[in-house]
Each structure stands twice: as structure tokens, then as C-alpha cells.
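Below is one structure; the comments refer to it alone.
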Amino acid sequence: MIRKGVYLTQEAFRTLLRHKGVTAISVVIMSLSLLMLAVFLLATDNLLRLVGEAHRDLKIYVYLEDGVSQTGVETLHRQIVAMDETDTVVFVSKQQALADFRQQLGEETDLLDALEANPLPHAFWVQPRTEHKNRQSIAYAAGKMLQLDGVSEVRYGKEFLDKFTAIVKAAYYVDTVVGLIVILSAVFIISNAVRLTVIGRRRSIEILRLVGATNRFVTMPFIVEGAFQGGVAAAVSLLLLTGVTLLSRRYLPDLTYFSAEKAMIYTFTCIAIGSVGSFTALRRYLRV
Amino acid sequence: MGGDNSAATTDMNDNSREDRTVIGIYHLSKRYGDRVALDDVSLTVSNGEFVFLVGPSGAGKSTLMRMVYMDEMPSEGQVVVGEFVSTRMKRRQVPFLRRRLGVIFQDFKLLEDRDVFENVAIAMRVTGTSGYDLKRRVTQVLNQVGLYHKRKDLPRSLSGGEQQRVAIARALANNPSIILADEPTGNLDPEVTEEILRLLFRINSAGTAVLMATHDHAMVRNFGQRILHLREGKLFEDKRTGLTGDLSDRLDTLQRERVRMQRIQTDLERSRRVSTAATTDDLPAAAEVPLPGLPEAGDGEELT
């Protein structure tokens, strides 16, 4: 049994070598269609990361009325922290705000020297909980905060958030559609490439069956070959993708590459696609 | 059946063992849609028999063969090969049936990308045989068909006759109790046909039954021990000719006759060439030397 397995595996690699041309062509075809898939996956990966980052930056700014006392500030702090939607609440005093502002202005600080009093209010920077980082929850929380005594204004970048939500929604939509097309065409192209190699060896399959080969004996080499081709094609496409990524960084400096974990998952998926593709292409030639 | 064959090869020739049925076909019908390919055919082939299956093309010879190695299943009736019964077996078992049969075709069906040795070995590899056993048996059957010296050649570098001998070696590899030959000489010229027939006779005389489909009437007339005549899907005639003994002897007689005829023909040709060469002075020197047995110039051109 083991010896048979070894023979069939050897057979697979012998066949790959024997049909170098066909093997090379199908690996190239697979690599290119997988590259298409990989580019798409990387784009999605980056999109998700950007959305995640943008969400992480979402904050609610609560500005206080002038002349709120120290105890008033503490009461407000407690009230805001107690809300379901809030995670961390940071108090930024008007003095600190001015200092920050001064730092941001840099050389132009003399502008501030003209001021007689500090025009900036006390503020809370509120970080919403992750599950509440969406438009409705934030707007709802902001409304509640505005009701509190001593709060003069609440800002959370309403326009930005509205636009952002719409863009993310559209991006997800486009991404899903493109993803379906890309995945379907990759599977289609790969299964056709595999089918070509199977058709090329239809006669061998027929002969093997005539001399009494079981289906497993016939399919095993094909599955091993498919897996091998899938693996190689995955590696080649990842290599090409690295090139594409490096080139794109000129224009998109923030573009990230797959993590090692994701690259592994991708490779194993390609191996699976290769072997399953081989198997399904073969099935029609295995009538018995 | 396969296991006891090593012993059987020596004493299968005597009649006492001939009553063992290796193929039983009972009321077999095969229809493709409306077309009837075989219609209620019944016959049996016993151990060690040499049976010719004749009939015009389309009579159902190949269909019948395919039913025996169960590439197709009967519409009605039953095929029994050894312990395999078509109506009582699963498709999964078909490979195991095929390991008990040797099948030979008109187009040889060799693996083009493997050498001669591997082409024979594959029949044993599918059964899980490997190593020394495999090598010994392949060597044995290749010697039997006289092609051991070409074991490393690829099929395309062999002549048609040699390719068919490789196919025969492959068919013999698993010690089958019967060899099915579907027009095995259809693609071969008469001389090579004879060579293949001689080989099949020898195999048969060692105890293996042979069922051979052909439309070559001369062959059947000269060698037929038992002739099954198919016509329009029906078994028209099952004739035992009474022709017995070693068929190779008959082949020898026929061949001596043929060689004599050929020699006469060659002599005639040579004398003709000598006379033409003598009259045409402007021919190149090489062409003037009469070479007996060489194809005529016209034939050579057609070939290239």
C-alpha cells in the first residue's frame, strides 16, 4: 500500500517532468489567474485594514461651557464614562489644548501671544466602544452627551462619518462583485488548464483502465500533480504580487503585504484548488 | 485462476481440462437507443480454446468483446468471466475482472511516453506488484514475445508488429486465463500478421484461451478451430471445423508456400530491372546496380 503510494507519487512527478511543456504552460496560466486573485485579495485586505484604522480613529469631542467647576467636570466625566457606548474618556483642559495648539502652530506662536485670554474650552475626548463605532450609535451617544449639564457642543465629524460610511458600503459592494468575478474566473481558468492536461492524457487513462487500474490508481497521480502545480502557481503568484506591491508603494505608500499567516492560508487554498480541479476534470473520464 | 497458471502452462493442452468455461455469455442483448447491436447471443468459451469471432464490420464483434471486459454492460442477459458475473457485480469490481483478462487491440493501445518495459510493467503495477516479482515477470513475458532487447525503446520507435507484441506481452503479464484480441492484425501487413498469429497460437498451446475477432476470411479459413459467425448482432453460426493440432504447423506450411512465391516474384523483378538498366545509359551509377527486394522507386517516393 505504502509502496503503491510512493510509486503513484513518483509517477506524478515523472509525468510532470515528462510533460515539461504542458506543465509549464498550466503553471503559468494558473499563476497569472491566481495573481489576479491575489491582487484582489490584497486590495480587500488593505481596504479592510483602512476601514479598521479609520474606525479606530473615530472619536467624539465633547466641549464644555465656560466656567464649569472642577466638581462639574468630574460629574460629567463620570456620566460620560457610565454610558454604554463609551470606552475611554480623556479630559483635555483648556490650558493643555492651548499648549497643543501652540505646538501645532510651531513658528507662528506669536499669533497666540496677541490673545488676552484662552479662547479654547475644556473638552473630553471620547473613544466609543468597538461595537458602537458606527454612524447610528455615535450620533445617538452624541445626542445624549449634548443633553448633559455643562456641555456646550459635541462633535464627531458627522459629515465625514456619513461620507465614510457610504464609501465603505460602496467599496464592500464593489469588492464583493469583483471578488465573485475574480474567483469564478480563476476557478474557470484553472479548471480548464487542468482539463487540458487531462485531455492530453485521455489515452493513457483509457489504457490504464483497460489493464485493470482502479480509479484511485488513475486519479492519485493527477491529484498529486494538481496539488503540486497549485502550490507552485501560488508561490509564483505571491512572488509576482510582491513585485506589484513594491511598485504600487510609489503611489500608495501605506500598502501592506499579506501577513505570513495569510500567505500560508492562500498557498494551501491554491493547493486545494489544484487538486480538486484535477479530480473534477478527471471524473468524466472515469466512467467505471 | 491466475494463480494456478504457472502449473497450467505445461499441461493445459490436453482435452481433459478443456471443459472448464472461461467465458459464458447467456442471452446477451445490447441496444443503443433503437439500434440493436447484439441480439440474444449465447455462447461459451472453454479453457484453452482458440476461437475466431468473424462477421462484417458493424456485426457486433467489438461490442461483444467490450461486454466481456465489461467496458459496457449488457442491456439484457449475462456475461460470466471466471467468478465475475455481470448481473451480480459492482462497477468497482471491473478493474479486478480486467486483471484476469488480456486484451489486445488493432491500435495496440500502448503508452506512448513509456518505454517497452514500463508498458508491460504497468499491467502489474496496477495490481500492486513491484520490485523483483515485477521485474522477473516482465522480463519473462518480454522474452516470450522476443522483445527483451528492446525493453528500453519507446513504442514509436518500434514497427507495428513489434508494438503489437508489446501489447501481447502486457496482456500476458498477469497470467490471464483468456486473451481477447479485437482485430489484432488489422493494421499489420500479411507477413507481420503471420508473426502475431504464430505468437497467439503459441500462447494458446500453452493453455491460454484466445477469443479473436477478425474479418480476415483467409485467416479464419486456414486456422479456424472454432468459428463464431456474427451477423447483424446475432450469432449466425458456431462452427467447429475439426481443424486441430498445432496451428503453427499449418502456418509453417503456408509460410513455406509464401516464401516460394515471393522468391519467384523477386527473381522476376530482378530480371526486369537488369533489362531496363541495360537500356538506359543516362541513369546514375548507383541506380544501375540491381538490388533484389528493394521497393521500386515509385513506392519509395510515396512513402516519404
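Ranking A:Y266, A:Y63 from most to least accessible surface, computed with a 1.4 Å probe over the protein chains only, gives A:Y63, A:Y266. Rounded to a whole number of µm²/s, how large is the Stokes-Einstein D of the protein assembly as shown at 20 °C and 1.002 mPa s, given Rh as the Kirkwood radius over C-alpha pairs? Using the Kirkwood radius from Cα pairs, D works out to 67 µm²/s. Against the main long axis of the alpha-carbon atoms of chain A, helix A:158-200 sits at an angle near 10°.
The lysines whose alpha-carbon is closer than 16 Å to the alpha-carbon of B:K135, local same-chain residues fewer than 8 away aside, are A:K4, B:K150, B:K152. Would you list, by chain and number, the aspartates and glutamates whose Cα falls below 19 Å from the Cα of A:K169, excluding same-chain residues fewer than 8 positions away? Qualifying aspartates and glutamates at Cα under 19 Å: A:D45, A:E53, A:D57, A:E131, A:E159.
So what does the Cα-only Debye profile of region B:94-237 read at q = 0.10, 0.11, 0.13 Å⁻¹, as log10 I(q)/I(0), no solvent term? The calculated log intensity ratios at q = 0.10, 0.11, 0.13 Å⁻¹ are -0.34, -0.41, -0.56. The equivalent ellipsoid of chain A has semi-axes of 64, 20, 15 Å, largest first, where each one is the square root of 5 times an eigenvalue of the Cα gyration tensor. Applying 1/(1 + (r/R0)^6) with r as the Cβ-Cβ distance of A:V28 and B:L254 and R0 = 41 angstrom yields a FRET efficiency of 0.10. In order along region B:59-72, phi translates into HN-Hα couplings of 7, x, 4, 5, 4, 4, 4, 4, 5, 6, 8, 6, 6, 9 Hz, rounded to whole numbers, per the Karplus curve 6.51 cos²θ - 1.76 cosθ + 1.60 with θ = phi - 60° and x for Gly and Pro.
Of all DSSP beta bridges confined to the protein assembly as shown, the antiparallel ones make up roughly 65%. Taking A:S191, A:S204, A:S26 in turn, the Gaussian network model of chain A (Cα-Cα springs below 10 Å) assigns the largest fluctuation to A:S204.
Show that you can apply the helix-only estimate: for the protein assembly as shown, add -39,500 (n - 2.57) for every DSSP H stretch of four or more residues, divide by all residues, and state [θ] at 222 nm to the nearest 500. Present the calculation step by step, with values, prior to reporting the outcome.
Values: 21 runs with 331 residues, N = 592.
Counting only the DSSP helices, I get -18500 deg cm²/dmol.
In chain A, the longest principal axis of the Cα atoms and the axis of helix A:215-248 are about 40 degrees apart.
Can you tell me the accessible area per residue over chain A, all protein chains present, probe 1.4 angstrom, in square angstrom?
Numbers: 16680 Å² over 288 residues.
For chain A, the solvent-accessible area averages 58 Å² per residue.
Residues whose amide H comes within less than 5 Å of that of A:R129, counting only those at least five positions distant or on another chain, are A:T86, A:D87 (H built at 1.01 Å from N in the peptide plane).
Using 0.36 nm per residue of separation minus the Cα-Cα distance, give me the extension gain between A:Q104 and A:Y140 in nm, one decimal.
Working: separation 36, 0.36 × 36 = 12.96 nm, distance 3.16 nm.
Difference between extended and current length: 9.8 nm.
For a Förster distance of 60 Å, can you work out the FRET efficiency between the beta-carbons of B:A218 and A:I2, rounded to the nearest 0.05? Before the final figure, lay out each step's value.
Details: r = 53 Å, r/R0 = 0.88.
For B:A218 and A:I2, the calculated efficiency is 0.70.
Largest first, the residues A:K158, A:K133 sort by 1.4 Å accessible area into A:K158, A:K133.
Amide H contacts of B:L158: none lie under 5 Å away among residues 5 or more positions distant or on a separate chain (H built 1.01 Å from N in the peptide plane; Pro and chain starts excluded). With the biggest extent put first, the Cα atoms of region A:59-155 measure 43, 27, 17 Å across the principal axes.
Centre-to-centre separation between the Cα atoms of region A:115-178 and those of region B:86-106: 75 Å.
What is the Cα radius of gyration of region A:3-116 over 2.2 N^0.38 Å, N being its residue count? Region A:3-116 yields a ratio of 2.37.
The values are calculated or read from the model by the stated rules, or taken from the named source; none is laboratory data. The shown structure was predicted, so the numbers you read here are calculated from the model rather than taken from an experiment. Using ideal geometry, Cβ is built from the backbone for each residue, glycine included, and neighbour counts are taken over all protein chains shown. Side chains are part of the model used for accessible areas, which takes the heavy atoms of the whole protein and leaves out ligands, DNA and RNA. Shrake-Rupley method; radii C 1.70, N 1.55, O 1.52, S 1.80 Å.
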